[in-house]
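> Would you mind keeping the following structure in view while I ask a few things?
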Amino acid sequence: MIRVLIIFTVLVSLFSPSAVFSEIVGRDVLYRDGSKVLQGYVAYDNALKGKRPGVMIVHEWTGINDYIKEMARKVAGLGYVAFAADIYGRDSRPKNYEDAEKVSSKYKRDIKLLRGRLRAGLERLRQFPEVDPHRIAAIGYSFGGMAVLELARTGADLRGVISVYGSLYPDENGSSNIKTRVLVLHGGDDPFVSPEKVLRLWRELQSAGVKWEIHIYGGAVHSFTNPSSGNDPSVGVAYNPYADRHSWKLIREFLSEVFM
C-alpha cells in the first residue's frame, strides 16, 4: 500500500501544471566589437532561477561550429551560463582548414586585436541577466586555448581559465599579467606544440605566482576531445576517449572549485 502511494505521489508531481522540467536552451547572439558584428552562442538551463556563474568558451581555428555549441550546452548542463564567443566575426566562417589557417593567423599576429575580441565576448557574457558578473571563467580549445591564455595575460577579472589542447604560444612581449588560476590540458604527442613551448608556459605560470596545473596525456595528439577529429594519431589530430573523459572530469572539478 505504501509503495502504491509513493508511485501515485510521484506521478502527480510529474504531471502537475506547476512541475518544472529542466531544459538546456541555446541561441545565437549578435554583439559588437566596435563596428565589427560578431555572432556568439549562449546556452543555459532554463529551469534554474537567479544568477549563476558564466563560462566563456573560445572556439578552435575553424570558428563557432556544432562541436563548440555542443560543448556550450554541456557546460550549461553543469548549472552555468555558457557563452561561445566569436573571435572572427559573423561574416567570417572558415569553410575548410585552408581558410581556418588564413583567418586564425590574423589574430595570432595581432594580439591587440585578439585581446579586443576576447574582452568584447567577456563583456557580453557579463550582460546576460542570468549571469553573476563576478564569477566568470573561460575555456578555449586549440586556437581558443591560446586565446584564453592571452586573456589571462591581460589581468582580466576571471576566476580561472582552461586551455584544452591549446596552441600554447609563449608570451613574447613580456606583457604577462596573469592573476587567475590556470588549467592546461595537453596532448603529450601533440605535433603542433613543442615541449619547449610547454616548458616556457610552465615557467611563466610559476613566475606569476598563481595556482596552475598542466596535465599531459601520453599518446594523445591535438584535438583529443573532438570525436570528429578521427582516430588516426599519425595525422596529428585524433580523438582520444580516455583523454576526453579524464579532461572533462578535471574541467568539472576546476569550475566547481573556482566558483565556490
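> Just to be sure before I move on: is Gly187 closer than 15 Å to Gly145 by Cβ, under 14 Å from the mean Cα position of the chain (by Cα) and not hydroxyl-bearing (Ser, Thr, Tyr) in the structure I sent? So that I can check it myself, show each step before the final result.
Values: closer than 15 Å to Gly145 by Cβ: yes; under 14 Å from the mean Cα position of the chain (by Cα): no; not hydroxyl-bearing (Ser, Thr, Tyr): yes.
No.
> Limited to region 75-115, what total is found for residues that are among the basic types (Lys, Arg) and not in a helix (DSSP H, G or I)?
Final tally of qualifying residues: 3.
> Need the failing condition index for Leu14 against (1) at pLDDT 95 or above; (2) out of contact with any strand residue (DSSP E or B) (no Cβ under 9 Å at 6 or more places or on another chain); (3) of a type outside the set (D, E, K, R), just the number.
Answer for Leu14: the failing condition is (1).
> Can I ask one more? Pull up region 135-154, narrow it to residues that are out of contact with any Asp or Glu (no Cβ under 8 Å at 6 or more places or on another chain) and of a type outside the set (A, V, I, L, M), then point me to the one that is surrounded by the most Cβ atoms within 10 Å (Cβ to Cβ).
By that ranking, first place goes to Gly140.
> So, one more: Quick check, is Leu78 within 17 Å of the chain's Cα centre (by Cα) and of a type in the set (A, V, I, L, M, F, W, C)?
yes
> Here are Arg93, Arg115, Arg73: which of them is in contact with a strand residue (DSSP E or B) (Cβ under 6 Å, 6 or more places away or on another chain), surrounded by fewer than 22 Cβ atoms within 10 Å (Cβ to Cβ) and in contact (Cβ under 8 Å) with a residue 12 or more places away in the chain?
Result: Arg73 is the single residue among Arg93, Arg115, Arg73 that is in contact with a strand residue (DSSP E or B) (Cβ under 6 Å, 6 or more places away or on another chain), surrounded by fewer than 22 Cβ atoms within 10 Å (Cβ to Cβ) and in contact (Cβ under 8 Å) with a residue 12 or more places away in the chain.
> Just to be sure before I move on: is Asp157 among the acidic types (Asp, Glu), closer than 24 Å to Ala72 by Cα and either more than 19 Å from the chain's Cα centre (by Cα) or surrounded by fewer than 17 Cβ atoms within 10 Å (Cβ to Cβ) (or both) in the structure I sent? Steps first, please.
On the way: among the acidic types (Asp, Glu): yes; closer than 24 Å to Ala72 by Cα: yes; either more than 19 Å from the chain's Cα centre (by Cα) or surrounded by fewer than 17 Cβ atoms within 10 Å (Cβ to Cβ) (or both): yes.
Criteria met by Asp157.
> From Ile178, Ile139, which residue is within 20 Å of Gly116 (Cβ to Cβ) and either touching a Gly at 6+ places or on another chain (Cβ under 7 Å) or part of a loop (DSSP other than H, G, I, E, B) (or both)? Write out each step before concluding.
Numbers: Ile139 fails: either touching a Gly at 6+ places or on another chain (Cβ under 7 Å) or part of a loop (DSSP other than H, G, I, E, B) (or both).
When all the criteria are applied, what remains is Ile178.
> Let me ask something additional. Just checking, which of Leu185, Leu168, Leu118, Leu149 is closer than 26 Å to Asp244 by Cβ and assigned to a loop (DSSP other than H, G, I, E, B)?
Result of the check over Leu185, Leu168, Leu118, Leu149: Leu168.
Here is a yes/no grid of residues against (1) over 22 Å from Pro53 (Cβ atoms); (2) out of contact with any Leu (no Cβ under 8 Å at 6 or more places or on another chain):
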residue: Lys74; (1), (2): no, yes
residue: Asp99; (1), (2): yes, yes
residue: Lys108; (1), (2): yes, no
residue: Ala152; (1), (2): no, no
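> Then there is this: Filter region 100-112 down to the residues that are more than 14 Å from Thr62 (Cβ to Cβ) and either touching a residue at least 12 places away in the same chain (Cβ under 8 Å) or of a type in the set (Asp, Glu) (or both) and list them by number.
Matches in region 100-112: Lys108, Asp110, Ile111.
> Would you check if Val81 is modelled with pLDDT of 95 or more, over 17 Å from Ser142 (Cα atoms) and surrounded by 21 or more Cβ atoms within 10 Å (Cβ to Cβ)?
Yes; evaluated as a whole, the condition is true for this residue.
> Within region 203-227, how many residues are part of a helix (DSSP H, G or I) and either at pLDDT 95 or above or surrounded by 15 or more Cβ atoms within 10 Å (Cβ to Cβ) (or both)?
Looking only at that region, the number is 4.
> Sticking with this one: So, in region 152-165, exactly how many residues are assigned to a strand (DSSP E or B) and either out of contact with any Ser or Thr (no Cβ under 8 Å at 6 or more places or on another chain) or closer than 13 Å to Leu114 by Cβ (or both)? Reasoning before the result, please.
Step one: list which residues in region 152-165 are assigned to a strand (DSSP E or B), which gives 160-164.
Narrowing further to those that are either out of contact with any Ser or Thr (no Cβ under 8 Å at 6 or more places or on another chain) or closer than 13 Å to Leu114 by Cβ (or both): 162-163.
Of the residues in that region, 2 qualify.
The values are calculated or read from the model by the stated rules, or taken from the named source; none is laboratory data. Every value quoted in this text rests on a predicted model; they were computed, and no experiment measured them. Glycine gets a Cβ as well: all are built from the backbone with ideal geometry, and neighbour counts include every protein chain shown.
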